[in-house]
Amino acid sequence: MEKNPIITLKDISLSFDGEQVLDKLDLSIYDGEFVTLLGPSGCGKTSTLRIIGGFLTPDSGDVFFGDKRVNDLPPYKRPVNTIFQRYALFPHLNVYDNVAFGMKVQKKNKAEIAETVDRMLTMVGLKGFEKRTVSTLSGGQQQRVAIARALANNPKVLLLDEPLAALDLKLRKEMQNELKNMQKSLGITFIYVTHDQEEALTMSDRVVVMDGGVIQQIGTPIDIYNEPQNVFVADFIGDSNLFSGIMVRDLLVNILGVDFPCVDTGFGENNPVDVVIRPEDVLLVPAKDGQITGTVTSLIFKGVHYEMNIMAGGYKWLVHSTKMEPVGAEVGLCVEPENIQIMHKPHSVQQEGHGIDE
Amino acid sequence: MTNKRNIWLTGPYLVWIAGFIILPLLVILFYAFTNPAGNFTFSNITAAVTDITNIKAFGLTMLLGFLATAICLLLAYPLALCLTKLKIKQKSSVIFLFILPMWMNFMLQMVAINVILEDNGIINMLLSSLGLPNMHIANTFGAILIGMVYDYFPFMLLPIYNTVSRIDKDLINASKDLGASSFMTFLKVTLPLSMPGVISGITMVFVPAISDFAIAEMLGGGKIMLIGNVVEMSFTKGQYFQGSGLALILMLFVVASSLIPGDDEAEASVEGGVVLP
Ligand SMILES: Nc1ncnc2c1ncn2[C@@H]1O[C@H](COP(=O)(O)OP(=O)(O)O)[C@@H](O)[C@H]1O
Ligand SMILES: [Mg+2]
């Protein structure tokens, strides 16, 4: 991607009452992309968004819009709009006036305001709700008003802070699709915050995985899932089997005392590494054919596949398979070399950390 | 559904209401429409509204009530805004400072104010030491006004502070996010959302202010007659019938002035009310 970033965060640090919330954060966001900040509660996602919106001033570091430094630009002058975690609709105004708020304070003419509000409410499916007070709307409808209100300002970038967290599962799926479609058709850059990894993987062009105020990995959903850069990412995204292993030499890793061929090189010889194997990548074979053998300890039917726990080599493997093996069965486990993901141990992550941004 | 079996729990309070609220009201009502001979009459009411001293006292009362309310509002609103910006620890001590006078004996408050305002009181001592001419404040309209503002200020501050501090910070952020400057945000979000508190504060200052007689007596030196003082005097002079007529009229005004803001359809989501910290 040779485009220039639309927003750049450089070396951003932030602390509250001596507690470090963001630590030397670097992040570039490109025009028209859907970027998701993903991480557990309290990892600093909202704070990052607020720094971009202008509601929080970082202790150090710079915020750029294009190549203009905007650290001192107040929120109302920034070309971004926010959808707040709890919607923050104005309770004293009806739906129409909520959506029209931004245009009214910018003194747009009446006809233009009416036309835009109408277009926005049509887009979010709330035409006819103009006169309703926001407190009479359901959570999903309030969410739509918040979206219409933010988009009515025609922002270059939309910031969304866990916008769907309060909705029930079905509605959430629906809104995920709608938001994604809106983003594509309007061509607006979305910076989306969530702690739901599935949501992040399905909606985003790029995912920024955060933990403890530090970016752990930036990449496409597929990269993040298939090639986690460290144990945190592997553990946070999807289900996984995590091992502490030894890189015997290039293309060979030892886990649980067994040598597994792999495709990774450059980790040195006999170096400790972290290894992740996804549950769907563990193949069940007859016991005599397995790279390692074990006993099925539990079995749950999940619809498309079975979820099994298999005790092998002193580790409880999580295995997803369409083949069913009864509890107590002796089975062999195999893993294709390309499905073994090798990662540096955490102390060396920092050295590598900055190279990850791709 | 209310639990009918527990309704007897309100019994003691109903007895209280009957004995100390309903009964006195009925007595006033009875006196107001009765002449000394014990016959029904409207003359107490007509006398109350036609007597020139009453009308003057009435005008003065309204003026005082209006001024005291306006001054309290102008002092309290900006203060409430500042208070919400303080850290929690500072907040409670500052609020404590402002409601402290409420816990002081009323007579003591009035004496203290007099000591400050007297012809040879603190203000004039300060003026003299600066070589400025002295001011005669004690026992004037101004003294009563100062006393009322002093006494009723917490009743304006607390409801406003309560509503302002309960406004979600993200509503303010959302307003700025949508392009409103701080001033516009105040006009379009903070002010309308704090109206319930403002209305509640106005009622809680205006109503006691127009029915006051004690502050006027203590700080007006008996020279300034408010409608409350006229009522009080009628009763101390034993003119129960005229006094009740006047009291009834005053009561109607009090009820009316607390009802007018009730028409306002201000959002009930943020309610004003006095909550002592
Ligand atoms: N206004 C604040 N004052 C003190 N601490 C705060 C404040 N806002 C956030 N924090 C702390 O900063 C950390 C990150 O918060 P936040 O950015 O909201 O995380 P997230 O959105 O990822 O859940 C949390 O530990 C939180 O307690
Ligand atoms: Mg958050």
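The values are calculated or read from the model by the stated rules, or taken from the named source; none is laboratory data. In this text, all values refer to a predicted model and were calculated from it rather than measured experimentally. Glycine also receives a Cβ, built like all others from the backbone with ideal geometry; neighbour counts cover every protein chain displayed.
What to note about this one:
- Taking the stretch B:158-233 and the helices (runs of 4 or more DSSP H) fully enclosed by it, the elements with 1 or more residues that are within 13 Å of chain A (Cβ to nearest Cβ) and crowded, with 19+ Cβ neighbours inside 10 Å are at B:169-177, B:182-185, B:191-211.
- Any hit, the stretch A:91-105, residues being away from chain B (no Cβ under 12 Å) and in contact with a helix residue (DSSP H, G or I) (Cβ under 8 Å, 6 or more places away or on another chain): yes
- Just one residue in the set A:65, A:84, A:101 is of a type in the set (Phe, Trp, Tyr), buried (at least 20 other Cβ atoms within 10 Å of the Cβ) and more than 15 Å from ligand 1 (Cβ to nearest atom); that residue is A:101.
- Residue in the stretch A:120-134 that is within 26 Å of residue A:168 (Cα to Cα) and within 16 Å of ligand 1 (Cβ to nearest atom) present: no
- Test: residue in the stretch A:78-87 that is in contact with a strand residue (DSSP E or B) (Cβ under 8 Å, 6 or more places away or on another chain), in a loop (DSSP other than H, G, I, E, B), more than 16 Å from ligand 2 (Cβ to nearest atom) and more than 14 Å from chain B (Cβ to nearest Cβ): no
- Residue ranges of strands (runs of 3 or more DSSP E) in the stretch A:315-358 with at least 2 members modelled with pLDDT of 95 or more and either among the acidic types (Asp, Glu) or touching a strand residue (DSSP E or B) at 6+ places or on another chain (Cβ under 8 Å) (or both): A:315-321, A:330-335
- Looking only at residues in the stretch A:151-182 that are within 23 Å of residue A:138 (Cβ to Cβ) and polar (S, T, N, Q), the one that is nearest to ligand 1 (Cβ to nearest atom) is A:176.
- Looking only at the stretch B:77-119, residues that are farther than 23 Å from residue B:152 by Cα and either loosely packed, with under 11 Cβ neighbours inside 10 Å or among the aromatic types (Phe, Trp, Tyr) (or both) come to 4 in all.
- Residue within the stretch A:159-177 that is under 13 Å from the mean Cα position of the chain (by Cα) and of a type in the set (A, V, I, L, M, F, W, C) present: yes
- Residue in the stretch A:138-149 that is among the β-branched types (Val, Ile, Thr) and within 16 Å of ligand 2 (Cβ to nearest atom) present: no
- Criterion violated by residue A:8 - all others in (1) out of contact with any Phe, Trp or Tyr (no Cβ under 6 Å at 6 or more places or on another chain); (2) away from ligand 1 (no atom under 13 Å from the Cβ); (3) away from chain B (no Cβ under 14 Å); (4) in contact (Cβ under 8 Å) with a residue 24 or more places away in the chain satisfied: (1)
- Residue check, residue B:53 in contact (Cβ under 8 Å) with a residue 60 or more places away in the chain and exposed (fewer than 12 other Cβ atoms within 10 Å of the Cβ): yes
- The number of residues in the stretch A:40-57 being surrounded by fewer than 21 Cβ atoms within 10 Å (Cβ to Cβ), away from chain B (no Cβ under 14 Å) and either more than 14 Å from ligand 2 (Cβ to nearest atom) or in contact (Cβ under 8 Å) with a residue 12 or more places away in the chain (or both) comes to 2.
- Condition met for residue B:38 (loosely packed, with under 10 Cβ neighbours inside 10 Å and part of a loop (DSSP other than H, G, I, E, B)): yes
- Hits in the stretch A:13-38 - residues which are near ligand 1 (Cβ under 6 Å from one of its atoms) and in contact with a strand residue (DSSP E or B) (Cβ under 7 Å, 6 or more places away or on another chain): A:21
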